[in-house]
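Asks: Okay, here's the structure, questions in a sec.
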Amino acid sequence: MIFVPTYRLSDKNVIEMGMHTKELAYLTEGTSVVYPGQGIGVISSITQQHIAGHALDVVVIYFEESKMNITIPLKKVKDSGMRAISSGQEIEQAFKVLGLPTKASKLPWVRRHEQYEEKINSGRVDKLAEALRDLNHELSQTEGSYSKRILYKKAMDRMIQEISLTKKMTETEALTYLESLLKQ
């Protein structure tokens, strides 16, 4: 992966985006971020692009798993739901969510599937943990459909990535730890 030289955010850019400099501290090249709907990616560049004769400040995020780049205008970063990797405290809260009892749902699978997708793609680690916990419970009760297993794998993969980055452990160690929490 080629990194473009660092583009410096000016105070004017930050003010125009309606954000504070502290909120944008994670916007540096090489930093891992969570982008809802895609998972965890790495900021490959923050640069200025000229589109239709206008200069536009953008963040380019690379997703290793899908080998894809997403370009987001800086002014849309906040609205996009992109965020820094969870803190240790947020991950610990997610672990507590995994330990809570599951919520029995009598909704048809199609509706539950939509709810799980919303939680997984919300970009919030606590919602991701809820979906993972409930899917794990459903799969432990029955064999589970193909789509249920795919959703479970998606939730598990995202949670493993976030845990490994936050807790500074390998993905294998994160998987082992997560599986032990889900068995309790």
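The values are calculated or read from the model by the stated rules, or taken from the named source; none is laboratory data. Worth saying up front: this structure is predicted, and the values here are computed from it rather than measured. We place every Cβ from the backbone using ideal geometry, glycine too, and count neighbours over all the protein chains shown.
Asks: How many residues does region 12-47 hold that are modelled with pLDDT of 70 or more, surrounded by fewer than 17 Cβ atoms within 10 Å (Cβ to Cβ) and either assigned to a loop (DSSP other than H, G, I, E, B) or among the basic types (K, R) (or both)?
Replies: Number of matching residues: 6.
Asks: Under 7 Å by Cβ, and 6 or more places apart or on different chains, what pairs join a residue from region 143-162 that is without any contact (Cβ under 8 Å) to a residue 40 or more places away in the chain with one that is among the small types (G, A, S)?
Replies: Short answer, once both residue conditions are applied: A155/A131; I160/A174.
Asks: Next up: So D57 clears everything in (1) at pLDDT 90 or above; (2) part of a strand (DSSP E or B); (3) in contact with a helix residue (DSSP H, G or I) (Cβ under 7 Å, 6 or more places away or on another chain) except one condition, right? Which one?
Replies: (1)
Asks: Of the residues that make up region 27-45, is at least one in contact with a Lys or Arg (Cβ under 9 Å, 6 or more places away or on another chain), more than 21 Å from M156 (Cβ to Cβ) and not basic (K, R)?
Replies: Within region 27-45 (the criterion being in contact with a Lys or Arg (Cβ under 9 Å, 6 or more places away or on another chain), more than 21 Å from M156 (Cβ to Cβ) and not basic (K, R)), the answer is no, since none of the residues qualifies.
Asks: Here's something else I'd like to know. Scan region 120-137 residue by residue and report those that are without any contact (Cβ under 8 Å) to a residue 24 or more places away in the chain and either farther than 15 Å from L100 by Cβ or of a type outside the set (A, V, I, L, M) (or both).
Replies: Correct list: R124, K127.
Asks: Name the pairs: first residue in region 48-75 and exposed (fewer than 14 other Cβ atoms within 10 Å of the Cβ), second residue among the acidic types (D, E) and assigned to a strand (DSSP E or B), Cβ to Cβ under 9 Å, at least 6 apart or on different chains?
Replies: So the pair list comes out as Q48/D57; Q49/D57.
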